[in-house]
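The values are calculated or read from the model by the stated rules, or taken from the named source; none is laboratory data. Nothing here was measured: the structure is a model prediction, and the numbers come from that model. Every residue, glycine as well, gets a Cβ built from its backbone with ideal geometry; the counts of neighbours run over all protein chains shown.
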Amino acid sequence: MIERKNVIQRHHPRLDRVESLSPLSVGNGHFAFTADVTGLQTFPEAYEVPLGTQSHWGWHWTGGHSVYGTEDIELTKLHTHGREVGYPLYPGEHVQAYHWMRQNPHRLQLGQIGFRLLMENGELACADELEQISQELNLWEGTLYSTFVLQGQPVSVVTACHPHRDELAVQVRSPLVASGRLQVLVRFPSPDVTSNVWEESIGLDWSQHHRHVSKCSLRSAHEACIHRSMDDDGYDVGISWNCGLWEQISAHAFQLVPESGQSELAFAVCFAEREALSDCQSVADTFAAAKTHWQGFWQAGGAVDFAACTDPRAPELERRVVLSQFLTALHSAGPLPPQETGLMYNSWYGKCHLEMHWWHGAHFPLWGRKELLERSMDWYVSILPTARELAAAQGYAGARWPKQVGPDGQWSPSPISPVLIWQQPHPIALAELIYQADPKPETLRRWRSIVQATADFMTSYAQWVEEKGAYVLGPPLIPAQECHKPEESWNPPYELEYWKYGLETAIRWMERLGKPAEPKWSNVAQALSPPPHADGVYLAHANCQDTFRSFHHDHPSMVGALGILPGSRIDPSIMKATLHKVQAEWQWDTAWGWDFPMCAMTAARLGDGKLAVDFLLMDAAKNTYLPNGHNYQREGLSCYLPGNGGLLTAVAMMACGWQDGPKESNPGFPQDGTWQVQWEGLMPIL
């Protein structure tokens, strides 16, 4: 049995200085708070990324919910097997509507909570004036411990998030509390996101005071409530404290000044949807609840221990695995498919990217935590009418799942996302993983509607081409490798295999229910075009003969046809040659974080454990894992949860195996004795 606490404690993030790319977070899957070295958000200017306070429910529509709709956007007509289908690809003459639909709804930054640290002369302290910084995120407890010294005065801060409430608890001990030189500042930025480029919209706007209202009322001498409103949206913030004076100092800023003579300050801040705010829990109760929750998290589900491995890279892989479990439980386990940066800060306007949902969540059932994936799967059921409307508007049956969406399920205009299709089978594949973890009739009934609607669209989308004697996918489409033109792309290998796998899984789903499957599901699955290849390697798509000359950048998604998937029609020798060519010739600086575990999974199924490990730990910028465990991609995108989720999926597969795969332990790791991986509680991938 693995000594789980020992494994986790080996990898508590510990900082002794400001790490501008690597702030630490506490949260619960529904809500997260990201802190600087003070344990709060005191010095946001010292960080290259926003210090976020975000929730799954906190969204805003600039100007109101109905400023524009899909009917206000000009559709680009693309030729589709004898007819034209409209996609919102370009602004055309409807520039305002196009960009408003891209930007809205956007996830809210719910507030910034920090200290006002005063020097002896009364001036505000700067981050570089802190000394003896020591910060540790205790993963076993889900609690952040921060200490520092300011002008000889020590400060100790404990920060935790309640596991079942969107509530932050903070305890501060310092002589600075008694002297009045440590105060708490709570302020709220403007809710609007107006940049047409998402990379330019991740910062916070403190200038548009007229665009929102912060109305405060005292509930008692030690409790206050702030009612936040903006356009059609709003939320409430509750604050409770043990000592001090609460006051509003500007339109959207409030401060808590402790009573003189007190050496300890304890306070809680609770966020809730409008009219749903309840009293704050005590700080002590939240600390205790967080510890109980996170200890239960680590003691349940799967665990992996690399201590017996002799490969010098093993400790780093173990660190990534441990931190990725914490981060995905914190950021990717809410009731919506997460944005790619989770609840850290907004990327792509904070919207959910459904093609990434598999990468965020497929690992949860494999690690014995299916309930964390089930939370977001219910959302597909809730937006099923909207997805059906989208399919029908384009002349298709079933439900078409969009790529980039807010909580309402409305698709976003983009030159790329409307013509991506590889997110379409995800609900079937994810539901199947949940079923494998919990093979009960209730599981089948719970997801039946989305499995059926997804399969109906997939069969409707595939088109029969008589001269080929097969069903084809596209044109138009853009493969998972997004650098191709939709009008010129068809039959990408990964999507073809995913279509076949998804339809065959839907058939099995109905058989388990004792219900007849739609006959066309089987017809399409059996007669799909074969995955295209040339010169001994698989191609990006059937019309891309120069895959490795002109298109060896972005995602090498063709390898996903065997690895992520069983690859029932994939020739292992061709895929092996493809994978080695990808390893040698791909422009890895253009890849993304999930590409490395994707290639590792392909290598594992091909029986090359050494290559699998080499891919997982490749020395590449996009495969960097920061001190806080986040998968760094580039400036402005310092966290990328699909990389963390993909890593966990690959490691579970390499340790526990895959259905109908080798029976020995650790089949995806090298078999030369250097990787004696201990594991428990994992489930084979499909």
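Some points to look at:
- Enumeration of residues in segment 34-43 that are in a loop (DSSP other than H, G, I, E, B), closer than 21 Å to residue 270 by Cβ and not aliphatic (A, V, I, L, M): 38, 39, 41, 42
- Residue match in segment 266-287 (condition: of a type outside the set (D, E, K, R), farther than 30 Å from residue 428 by Cβ, crowded, with 21+ Cβ neighbours inside 10 Å and in contact with a Pro (Cβ under 7 Å, 6 or more places away or on another chain)): no
- One residue stands out among those in segment 507-521 that are touching a helix residue (DSSP H, G or I) at 6+ places or on another chain (Cβ under 6 Å) and assigned to a helix (DSSP H, G or I): the one that is farthest from residue 568 (Cα to Cα), which is 513.
- Qualifying residue in segment 326-334 (condition: more than 17 Å from residue 649 (Cβ to Cβ) and assigned to a helix (DSSP H, G or I)): yes
- Hits in segment 359-398 (condition: outside any helix (DSSP H, G or I) and within 20 Å of residue 101 (Cβ to Cβ)): 383, 394
- Single residue of 495, 504 found to be within 23 Å of residue 549 (Cα to Cα) and part of a helix (DSSP H, G or I): 495
- Filtered residues of segment 518-563 (kept if surrounded by fewer than 22 Cβ atoms within 10 Å (Cβ to Cβ) and without any contact (Cβ under 8 Å) to a residue 12 or more places away in the chain): 519, 526, 534, 535, 545, 546, 549, 550
- Those strands (runs of 3 or more DSSP E) of segment 136-226 in which 1 or more residues are touching a Ser or Thr at 6+ places or on another chain (Cβ under 8 Å), among the aliphatic types (A, V, I, L, M) and farther than 25 Å from residue 56 by Cβ occupy 153-161, 167-173, 182-187.
- Residue match in segment 16-35 (condition: surrounded by fewer than 19 Cβ atoms within 10 Å (Cβ to Cβ), polar (S, T, N, Q) and out of contact with any helix residue (DSSP H, G or I) (no Cβ under 6 Å at 6 or more places or on another chain)): yes
- Residues within segment 608-630 that are surrounded by fewer than 20 Cβ atoms within 10 Å (Cβ to Cβ), touching a residue at least 40 places away in the same chain (Cβ under 8 Å) and not in a helix (DSSP H, G or I), tallied: 3
- Out of 310, 341, one residue alone is surrounded by fewer than 24 Cβ atoms within 10 Å (Cβ to Cβ), among the hydroxyl-bearing types (Ser, Thr, Tyr) and either out of contact with any Asp or Glu (no Cβ under 7 Å at 6 or more places or on another chain) or not in a helix (DSSP H, G or I) (or both). It is 310.
- Test: residue in segment 352-368 that is more than 16 Å from the chain's Cα centre (by Cα) and surrounded by fewer than 24 Cβ atoms within 10 Å (Cβ to Cβ): yes
- Residues considered: 638, 665. Of these, the only one that is free of Cβ contacts under 8 Å to residues at least 60 places away in the same chain and hydroxyl-bearing (Ser, Thr, Tyr) is 665.
- When residues in segment 17-53 are screened for being closer than 16 Å to residue 159 by Cβ, under 16 Å from the mean Cα position of the chain (by Cα) and not aliphatic (A, V, I, L, M), 8 of them pass.
- Hits in segment 244-267 - residues which are in contact with a strand residue (DSSP E or B) (Cβ under 6 Å, 6 or more places away or on another chain), closer than 13 Å to residue 221 by Cα and not in a strand (DSSP E or B): 244, 258
- Scanning segment 36-81 for residues that are under 23 Å from residue 24 (Cβ atoms) and among the hydroxyl-bearing types (Ser, Thr, Tyr) yields 38, 42, 47, 53, 55.
- Any hit, segment 594-604, residues being part of a loop (DSSP other than H, G, I, E, B) and surrounded by fewer than 24 Cβ atoms within 10 Å (Cβ to Cβ): no
- From the options 533, 541, 552, residue that is over 21 Å from residue 380 (Cβ atoms) and either of a type in the set (Val, Ile, Thr) or within 27 Å of the chain's Cα centre (by Cα) (or both): 552
- Filtered residues of segment 104-124 (kept if aliphatic (A, V, I, L, M), within 30 Å of residue 149 (Cβ to Cβ) and surrounded by 22 or more Cβ atoms within 10 Å (Cβ to Cβ)): 113, 117
- Candidates 427, 418, 407, filtered to the one that is at pLDDT 95 or above, part of a helix (DSSP H, G or I), within 18 Å of residue 388 (Cβ to Cβ) and touching a strand residue (DSSP E or B) at 6+ places or on another chain (Cβ under 9 Å): 418
- Of the residues contained in segment 243-260, none is found to be polar (S, T, N, Q) and surrounded by 21 or more Cβ atoms within 10 Å (Cβ to Cβ).
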